[in-house]
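This report concerns only the one structure given below.
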């Protein structure tokens with residue numbers, strides 16, 4: 001099958017290690033499912049993998065990609081959760097917790113095998129492309145806002161680096177949850193987009209905020 005994969009580790013020029021070509025079709029072991037990928041999303045984690053961060057050289061070649069949406073073996077539309085190896089997640093309690101491509105072949109391919117526990121129904125109102133962006137960026141933003149910070153409707157939050165995946169998700173989720181969202185970015189276009197997404201105001205980094 002066709003795939004995008006890390007063939008070499010290069011900390012200085014990571015794209016030098018990226019190759020496109022044929023890789024073996026995945027074989028799902030017991031407790032795993034094979035997913036036909038319809039869309040996959042790019043994360044900064046993929047670039048770090050090419051630099052060798054979290055990816056050991058003895059695991060190469062490694063198909064990149066942590067997030068995807070597609071079809072399971074029964075034709076159901078699904079989205080994949082990219083954190084593998086917690087107790088009960090299809091790989092046993094002794095399996096160390098990891099992001100998918102730190103240990104297993106990833107989603108930048110025609111098919112991917114993952115623990116069945118990690119296969120979730122795709123929201124019907126989302127396209128495959130939209131759903132593929134959910135797992136890493138949007139779950140990270142959700143956890144930051146509502147699990148770690150414990151914000152409530154009416155609270156104010158400052159989202160820095162508007163334009164990135166996690167920042168975009170934080171703005172949209174914050175707006176939907178009734179938060180007062182402010183954002184920063186060096187880029188004027190991104191500041192305007194942050195306001196369109198739901199931020200009350202967007203500022204240049206270092207600017208004095210009008211209120212706390």
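Within the stretch 61-81, the residues that satisfy the criterion of being touching a residue at least 24 places away in the same chain (Cβ under 8 Å), surrounded by fewer than 22 Cβ atoms within 10 Å (Cβ to Cβ) and in a loop (DSSP other than H, G, I, E, B) are 61, 72, 73, 76, 81. Taking the criterion of being loosely packed, with under 15 Cβ neighbours inside 10 Å and either within 27 Å of residue 45 (Cα to Cα) or without any contact (Cβ under 8 Å) to a residue 24 or more places away in the chain (or both), the residues of the stretch 159-199 that qualify are 160, 176, 186, 187, 188, 189, 192, 196. Considering only the stretch 119-150, state which residues are in a loop (DSSP other than H, G, I, E, B), at pLDDT below 95 and surrounded by 15 or more Cβ atoms within 10 Å (Cβ to Cβ). Listed by number, the list holds a single entry, 133. For the stretch 24-41, the candidate set comprises residues that are outside any strand (DSSP E or B) and at pLDDT 95 or above; within that set, the residue that is nearest to residue 85 (Cα to Cα) is 26. Among the residues of the stretch 7-19, are any part of a strand (DSSP E or B) and either over 17 Å from the mean Cα position of the chain (by Cα) or not assigned by TED's automatic domain parsing to the domain that holds residue 120 (or both)? There is at least one residue in the stretch 7-19 that is part of a strand (DSSP E or B) and either over 17 Å from the mean Cα position of the chain (by Cα) or not assigned by TED's automatic domain parsing to the domain that holds residue 120 (or both). Restrict the check to the stretch 49-60 and report whether at least one residue is in a loop (DSSP other than H, G, I, E, B) and more than 13 Å from residue 6 (Cβ to Cβ). Within the stretch 49-60, not a single residue is in a loop (DSSP other than H, G, I, E, B) and more than 13 Å from residue 6 (Cβ to Cβ). Residue 104 passes every criterion in (1) within 20 Å of the chain's Cα centre (by Cα); (2) farther than 16 Å from residue 135 by Cβ; (3) without any contact (Cβ under 8 Å) to a residue 40 or more places away in the chain apart from (2).
Each residue in the stretch 134-158 was checked for being touching a residue at least 12 places away in the same chain (Cβ under 8 Å), out of contact with any strand residue (DSSP E or B) (no Cβ under 8 Å at 6 or more places or on another chain) and on the phi > 0 side of the Ramachandran plot, and 0 of them qualify.
The values are calculated or read from the model by the stated rules, or taken from the named source; none is laboratory data. Since the model is a prediction, treat every value here as computed from it, not as a measurement. Note: ideal-geometry Cβ built from the backbone for every residue, glycine included; neighbour counts use all protein chains shown.
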